[in-house]
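Novice: There's a structure below that I have some questions on.
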Amino acid sequence: MIEHIHWLGNNSFLIACTPAIYINPWRIASPDIPADVILVGHDGHETCSPADIAKLRNANTRVIASESAAQELHDCEILRPWQTISLGRASVKGIPTVSASTRRSAAGQSLGFVISINFFDIYYTGDTVSLPETGVSQPDILILPISSTEGMTTARAADFVARIRPRWTIPCKWDFASRSNAVNFRREVADASEVVILQPET
């Protein structure tokens, strides 16, 4: 499953399966894979980009957004905390979180996602300053930011990985800092999870 996950830089990802799912697309150049589903976690400028969504969207694309992001978009479905939406051969569940860029914690304002696809559960935390203590079972794959000056520090991310012990962990957002941060993170959580360091495809 790991080979189907593409990091597009910052907090943006593509899960290149059926359906093809883009998460928080931002600064997309020329997409090779059309979007079946676009997930938008909150209304921060680095996650909710109508221009990038327009590049990916076609007549059949489903855009699914948190309540705050939905206010910035047109013709989208609202995903609420702990709600699950079927995506045909996949599903997505909204996980409440606190965005590092907006600092919003009200219900529905900012979401991470648990995406169940091809018999794998992928927990994408989003750009967050905190993670739920309960409500998320052990995922197969965890995607979370590290080395954020305002949000999830490497130490806090490592503590979370040690708590839920996913099989694989993909750190993101270190592209604004240094690869050494990702390497150090991998060393810190080696006993709890296998860290996969992707290169941003931008």
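Novice: Take the residues in region 19-36 that are at pLDDT 95 or above and surrounded by fewer than 22 Cβ atoms within 10 Å (Cβ to Cβ), then tell me which one is nearest to the chain's Cα centre (by Cα).
Specialist: Taking the candidates together, the pick is 20.
Novice: Right, next: Tell me, which residue of region 169-202 that is among the β-branched types (Val, Ile, Thr) and free of Cβ contacts under 8 Å to residues at least 60 places away in the same chain is nearest to residue 31 (Cα to Cα)?
Specialist: Looking at residues that are among the β-branched types (Val, Ile, Thr) and free of Cβ contacts under 8 Å to residues at least 60 places away in the same chain, I get 197.
Novice: Looking at the structure I just gave you, is residue 147 within 23 Å of residue 26 (Cβ to Cβ) and either surrounded by fewer than 20 Cβ atoms within 10 Å (Cβ to Cβ) or at pLDDT below 90 (or both)?
Specialist: Details: within 23 Å of residue 26 (Cβ to Cβ): yes; either surrounded by fewer than 20 Cβ atoms within 10 Å (Cβ to Cβ) or at pLDDT below 90 (or both): yes.
When the stated conditions are applied, residue 147 passes them.
Novice: Could you list all residues from region 152-163 that are touching a strand residue (DSSP E or B) at 6+ places or on another chain (Cβ under 7 Å) and among the β-branched types (Val, Ile, Thr)?
Specialist: Result: 161, single match.
Novice: Okay, moving on. So which pairs qualify, if the first residue must be in region 1-24 and closer than 24 Å to residue 178 by Cα, the second must be modelled with pLDDT under 95 and of a type in the set (Gly, Ala, Ser), the Cβ gap must be under 7 Å, and the two must be at least 6 apart or on different chains?
Specialist: Every condition considered, the pairs that remain are 11/126; 23/12; 24/12; 24/41.
Novice: Checking residue 142 against (1) within 20 Å of residue 41 (Cα to Cα); (2) at pLDDT below 90; (3) crowded, with 21+ Cβ neighbours inside 10 Å, only one condition comes out false. Which one?
Specialist: Here residue 142 clears every test but (2).
Novice: In region 1-73, which strands (runs of 3 or more DSSP E) lie fully inside it and hold 1 or more residues that are more than 15 Å from residue 124 (Cα to Cα) and among the charged types (D, E, K, R)?
Specialist: The strands (runs of 3 or more DSSP E) meeting that bar are 62-65.
Novice: Which condition number does residue 106 fail, the rest of (1) at pLDDT 90 or above; (2) of a type in the set (A, V, I, L, M, F, W, C); (3) outside any strand (DSSP E or B) being met?
Specialist: (1)
Novice: For region 180-195, name all the residues that are surrounded by 17 or more Cβ atoms within 10 Å (Cβ to Cβ) and in a loop (DSSP other than H, G, I, E, B).
Specialist: Hits for region 180-195 are 189, 192, 193.
The values are calculated or read from the model by the stated rules, or taken from the named source; none is laboratory data. Source: prediction; values computed, not measured. Cβ: placed from backbone, ideal geometry, glycine included. Neighbour counts: every protein chain shown.
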